[in-house]
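In what follows, a structure is listed as structure tokens, so that the remarks can point back to it.
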Amino acid sequence: MSRVRVAVLASGRGSNLAALVAAARDPLYPAEIALVLSNRPGAGALERARAAGLPAVCVDHRPFGRDRSAHEAAIHAVLEEHGIGLVALAGYMRLLTPLLVTRWQGRMLNIHPSLLPALPGLDTHGRALAAGVKLHGCTVHLVTEVMDDGPILAQAAVPVLPGDTPDTLAARVLAQEHVVYPLALALHAGRPAHLPDPDCAMLNPLPAGHAAP
Ligand code: GRF
């Protein structure tokens, strides 16, 4: 079975990366983690990747200054060098420009810690508590030029409990992120390009223009 080569882009600790790596250890999983890339030399995700024996590359954004496109062109070159078929953003804390988004349209996933379209952006757990929502969760979606937008592939919901703090709520959501991201990546990686979505309640049809790989 040929497996889709996935690059995980992460800026931080990399717990979602770890979940994806663990899932991909199963030889029947339809994707392999072929590259971990970060914009931060000290990212825990790079440490985890090296510990797992995976190629770990830092493309530091700082030498590029304000030239986001040049930074993304450098990232794109690394992705091509490694024969990447899908990109999974996992706590990648840079706003993307059309350069990368367009080149990877339909082939770039992101995980966001809220039930999109509610609560895009930062501090989702604190904002969920402030808003008094009773359900919170996480979303895996395809990346478009609008931040935390794009076709939703999978979601997981958790209850908001009395006494929750942003940290307790974040921990409950994160546990679900580690379940739903490997599932969504497998569903997307395993979807034949010529077929519409499988009949799965967790998936929404891809709109025209979002060709699966
Ligand atoms: C996760 O909460 C993810 O939803 C968000 O950034 C965080 C990354 O955490 N996009 P980790 O680095 O995967 O532990």
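Would you check which residues across the stretch 1-34 are more than 16 Å from the ligand (Cβ to nearest atom) and part of a loop (DSSP other than H, G, I, E, B) and list them?
1, 2, 3, 25, 26, 27, 28, 29, 30
So which residues in the stretch 115-145 are assigned to a loop (DSSP other than H, G, I, E, B) and out of contact with any Gly (no Cβ under 7 Å at 6 or more places or on another chain), if there are any at all?
Kept after step one, since they are assigned to a loop (DSSP other than H, G, I, E, B), are these residues of the stretch 115-145: 115-123, 132-134, 143-145.
Hits for the stretch 115-145 are 116, 117, 118, 119, 120, 121, 122, 123, 132, 133, 134, 145.
Condition test on residue 47, is it touching a residue at least 12 places away in the same chain (Cβ under 8 Å), farther than 22 Å from residue 137 by Cα and either surrounded by fewer than 16 Cβ atoms within 10 Å (Cβ to Cβ) or away from the ligand (no atom under 14 Å from the Cβ) (or both)?
The answer is yes for residue 47.
Going through the stretch 53-79 one residue at a time, which ones are in contact with a strand residue (DSSP E or B) (Cβ under 8 Å, 6 or more places away or on another chain), closer than 26 Å to residue 187 by Cα and in a loop (DSSP other than H, G, I, E, B)?
Within the stretch 53-79, 54, 55 meet the criteria.
Do any residues in the stretch 1-29 that are within 17 Å of residue 107 (Cβ to Cβ) and of a type in the set (A, V, I, L, M, F, W, C) have Cβ atoms under 9 Å from those of residues that are part of a loop (DSSP other than H, G, I, E, B) and within 11 Å of the ligand (Cβ to nearest atom), where the two are at least six apart or on different chains, and which pairs are they?
Hits for this filter: 8/14; 8/90; 8/92; 9/90; 9/91; 9/92; 20/90.
Given (1) surrounded by fewer than 17 Cβ atoms within 10 Å (Cβ to Cβ); (2) under 26 Å from residue 28 (Cβ atoms), where does residue 103 come up short, assuming only one miss?
Going through (1) surrounded by fewer than 17 Cβ atoms within 10 Å (Cβ to Cβ); (2) under 26 Å from residue 28 (Cβ atoms) one by one, residue 103 breaks only (2).
Please work out if residue 107 is within 16 Å of the ligand (Cβ to nearest atom) and basic (Lys, Arg).
Considered against the rule, which asks whether it is within 16 Å of the ligand (Cβ to nearest atom) and basic (Lys, Arg), residue 107 comes out as no.
Restricting attention to the stretch 35-44, and to residues there that are crowded, with 18+ Cβ neighbours inside 10 Å and of a type outside the set (Lys, Arg), which single residue is farthest from the ligand (Cβ to nearest atom)?
35
Every read-out reported here was derived from the displayed coordinates using simple, explicitly stated rules and does not represent laboratory data. Bear in mind the structure is a predicted one, so any value in this text is a computation, not a measurement. Cβ coordinates were reconstructed from backbone atoms using ideal geometry, including for glycine residues, and neighbour counts include every protein chain displayed.
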